[in-house]
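Scroll down for the structure; my scribbles are underneath it.
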Amino acid sequence: MYKDLYHHWLNSKLLSQKEIKELKDITDEKEIEYRFGKDLEFGTAGMRGFIGMGINMMNIYTVKRATQGLAEYIKSLGEDAKKRGVVISYDTRRMSYEFAYASALVLVSNGIKAFLFSKVHPVPMLSFAVREMKAIAGIMITASHNPKEYNGYKVYGEDGAQMAIESTARVVEYINQIEDPLSDKILCDQTKENKIKAVSKSIDKKYYKQIKKLCLSPKQVKKVGKTIKLVYTPVHGSGYVPVTTILKKIGISLTLVPEQSMPDTEFSTVNVPNPEVKETLSLGIKMADFKKADVVFGTDPDCDRLGVAIRNDKGEFINLSGNQTGALLLDYVLLRLKESGKLSQKGFVVKSFVSTSLAKLIADDYGVEIIETPVGFKFIGEKIKQLDDTGLREFIFGFEESCGYLRGTHCRDKDAVVASMLFAEMICYYNYNGIGIYQRLTDIYKKYGYVFDTNISTAYSGLNAMKEMNAVVDNMKTLSIDSMGGVKVVATRDYSKAQVKLADGTIKPLDSEKVNAVYYELEGGSFVCVRPSGTEPKLKVYYSIKAQSQEQALEVFEQVKKDFTKYLG
């Protein structure tokens, strides 16, 4: 079957000579099977895959097919939806503009308005534009923090959040009706190019004006903003303009890493453009040592993730985990709202259930409810829609351990521009009060107890990678685990059934979307969770171990990990 599809593409008149040569040059049968053995999956976060020819790859043809499916869905909503249109953005990756342009062309060929950014813009600005322009949907071309060989296609709903599960399912139904990415069912009329509209530059100004209002310490920033030493790297991505712009607007100086400031599709200065990875910030740290700076920021290609490095009490740079940055920002936001008398009794915080258990301790201390969601910022966006948009509650802060944070309701996805602004003003606030960021982190641990957070990934490959990962998680559901590393399991959450089983056998419902993950609540506030990644072929195990000290937490972690690894087989 896959060979027939391979030859169908080879003989297609749609493909260029360069594209046909790419297919002819494949000598590995396994490679042909991978490219043509199945369609590139359009999941809850859209598509993401290797760039190349084939039905299981990111290319112009699979992008057009996905966009035709989206177009059919929009047409089913009526004429008003078509007129409201779709906003399209893209980052600095290989083929990002080409995929964005092709998407716009398919939409206008279907009689749907398409608004295309004239330059690279990050995820949060796309989300903001969808909301501000009252568009029916948005498309972001990005593979986020994945290696350079990848690209992706994310779809946003009219609320600016990644499209809801129900709507995505309908889009997928329409996509599946187009069995062949080379089909003439896909409308793409080059003569309609003049119907593609540019996104107004006023959107950028409105975005900066909106997020500037989120600044919590303008007095302290005014006093010390020009004197703090901050190094920033966009890691060749779309964060360069927005991050430097907002910090300048609030009055904070920074030093750029010159080697990583300009777009580079190859991300040639890093192994992977992921600010979660220590080495990705190494040039920034080198610059910070030269400039005698105290903090380093790094954002990923689509600028929805912020990585941070700070100096410890020995003056050495350490990379903060997403959990540590999230805890610092959460604590800072709640502290400043409380000090200013603006901490609402209706306020709520949202985090993914795999993010640090330290967050609940902080939120509880401030008397603020914390809500947990599955992994994926779309679920945080849905909570904002359910609670804040309706006026029932007031959204304060949301974060995921994978370096994603959001303050404000201007957009509904991770926003590293806002996160950069918040972290920079937090430095100013503590600096003004004679406190360093590392000292504040230490104080948080002293107050609430030390929490060690980490996740361990196992890579899978091949056509059956997702099936194999799900099988591991499904097997865990069949086991009855009473303890790990000498720590009692007080409850087991099966998110695929949205239920929790207590130690005494009692089963209760979970207020959660159904996803394939098993979560073990451990005595004392720790947890272990296993789930397959939704964005890359990796099985992830998350550990959050609470103890009185770092040494004790690490000791318990090693014992818990040893036992859990055995259960995983």
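At-a-glance table
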quantity: Rounded to 5, percent antiparallel among DSSP beta bridges of the chain; calculated: 65
quantity: 4 °C / 1.567 mPa s Stokes-Einstein diffusion coefficient of segment 399-476, Kirkwood radius on C-alpha pairs, µm²/s; calculated: 79
quantity: Distant-in-sequence amide H partners of Ser352 (H built 1.01 Å from N, under 5 Å); calculated: Thr373, Phe399, Glu401
quantity: Segment Lys3-Asp365, extension gain: residue separation times 0.36 nm, minus the distance between their alpha carbons; calculated: 124.2 nm
quantity: Environment charge of Tyr432, counting only residues whose C-beta is closer than 11 Å and scoring Lys/Arg +1, Asp/Glu -1; calculated: +2
quantity: Whole-number percent relative contact order across segment 294-348, with pairs defined as alpha carbons under 8 Å at least 6 apart; calculated: 19
quantity: Cα gyration tensor, segment 1-120 - rounded (a/c under 1.5), prolate or oblate; calculated: prolate
quantity: Cross-link pairs beyond the 31 Å C-alpha cut-off, checked among Lys3/Lys185; Lys446/Lys508; Lys64/Lys209; Lys292/Lys446; calculated: Lys446/Lys508; Lys64/Lys209
quantity: Space enclosed by the convex hull of the alpha-carbon atoms of segment 280-409, per residue, Å³; calculated: 123
quantity: 0 to 90° range, to nearest 10: angle between helix 416-432 axis and the chain longest Cα axis; calculated: 20
quantity: Computed accessible area, Phe117, all protein chains, 1.4 angstrom probe, square angstrom; calculated: 10
quantity: Kirkwood Rh and Cα Rg combined as Rg/Rh, segment 527-569; calculated: 1.06
quantity: Debye-sum result for segment 486-569 in log10 I(q)/I(0), which assumes one identical scatterer on each alpha carbon, at q = 0.15, 0.21 Å⁻¹; calculated: -0.60, -1.06
quantity: Segment 138-186: relative contact order in percent, alpha carbon pairs under 8 Å with at least 6 residues between; calculated: 24
quantity: Whole-angstrom gap from segment 127-173 to segment 302-360, using each part's C-alpha centre; calculated: 26
quantity: 10 °C / 1.306 mPa s Stokes-Einstein diffusion coefficient of segment 104-231, Kirkwood radius on C-alpha pairs, µm²/s; calculated: 90
quantity: Tilt relative to the chain, helix 60-76 - C-alpha long axis, 0 to 90 degrees, to 10; calculated: 80
quantity: Whole-Hz ³J(HN,Hα) from phi, Karplus 6.51 cos²θ - 1.76 cosθ + 1.60, for segment 553-569, glycine and proline x; calculated: 4, 5, 5, 5, 4, 4, 6, 5, 4, 4, 5, 5, 4, 5, 5, 5, x
quantity: For segment 431-472, radius of gyration divided by Kirkwood radius, i.e. Rg to Rh on alpha-carbons; calculated: 1.42
quantity: Global size of segment 353-455 as Cα Rg and Dmax, reported in angstrom; calculated: 14.6, 41
quantity: Nonlocal amide H pairs with Val295, under 5 Å, H built at 1.01 Å; calculated: Val231
quantity: Dmax and Rg, reported as Rg then Dmax, of segment 417-569 (C-alpha, Å); calculated: 18.5, 55
quantity: For the chain: relative contact order, % (alpha-carbon pairs under 8 angstrom, 6 or more apart); calculated: 12
quantity: Among Thr373, Asn176, Val500 the positive-end extreme of the charge dipole of the chain (Cβ point charges); calculated: Thr373
quantity: Positive minus negative residues near Met53 (Lys, Arg vs Asp, Glu; Cβ under 9 Å); calculated: -1
quantity: Solvent-accessible area of Thr191 with every protein chain in place, 1.4 Å probe, in Å² to the nearest 10; calculated: 110
quantity: Tilt relative to the chain, helix 465-476 - C-alpha long axis, 0 to 90 degrees, to 10; calculated: 40
quantity: Surface accessible to a 1.4 Å probe, Arg93 within the full protein complex, Å²; calculated: 10
quantity: Heavy-atom accessible area per residue - segment 335-481, 1.4 Å, Å²; calculated: 38
quantity: Lys286-Lys21 pseudo-label distance in nm [points 7 Å out on the Cα-to-Cβ vector]; calculated: 3.5
quantity: Student exercise, segment 76-220 dipole from Lys, Arg, Asp, Glu Cβ charges, in Debye to nearest 20; calculated: 1080
quantity: Charge-dipole axis of the chain as Lys and Arg at +1 and Asp and Glu at -1 on Cβ define it, positive-most pick from Ser103, Phe423, Ala517; calculated: Phe423
quantity: Net charge dipole size for the chain [Lys, Arg +1 and Asp, Glu -1 on Cβ; Debye, nearest 20]; calculated: 2000
quantity: Per residue accessible area of segment 74-196, 1.4 Å probe, in Å²; calculated: 38
quantity: Cα pair distances of segment 291-355 binned at 10 Å [whole percent]; calculated: 16, 38, 33, 12, 1
quantity: Fraction of accessible area attributable to carbon and sulfur, segment 81-209 (%, probe 1.4 Å); calculated: 50
quantity: Label of the coordinate-derived value, percent of Cα pairs over 46 Å apart, listed as [x] 40; [y] 28; [z] 13; calculated: [z]
quantity: Cα-based reach from Lys540 at 19 Å (exclusive), listing lysines while leaving out same-chain residues under 8 positions away; calculated: Lys278, Lys351, Lys467, Lys477, Lys514, Lys561, Lys562, Lys566
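The values are calculated or read from the model by the stated rules, or taken from the named source; none is laboratory data. In this text the structure is predicted, and so the values were computed from the model without any measurement. Heads up, the Cβs are rebuilt from the backbone with ideal geometry, glycines too, and the neighbour counts pull from every protein chain shown. Only protein heavy atoms, including side chains, enter the accessible area calculation; ligands, DNA and RNA are left aside. Shrake-Rupley method; radii C 1.70, N 1.55, O 1.52, S 1.80 Å.
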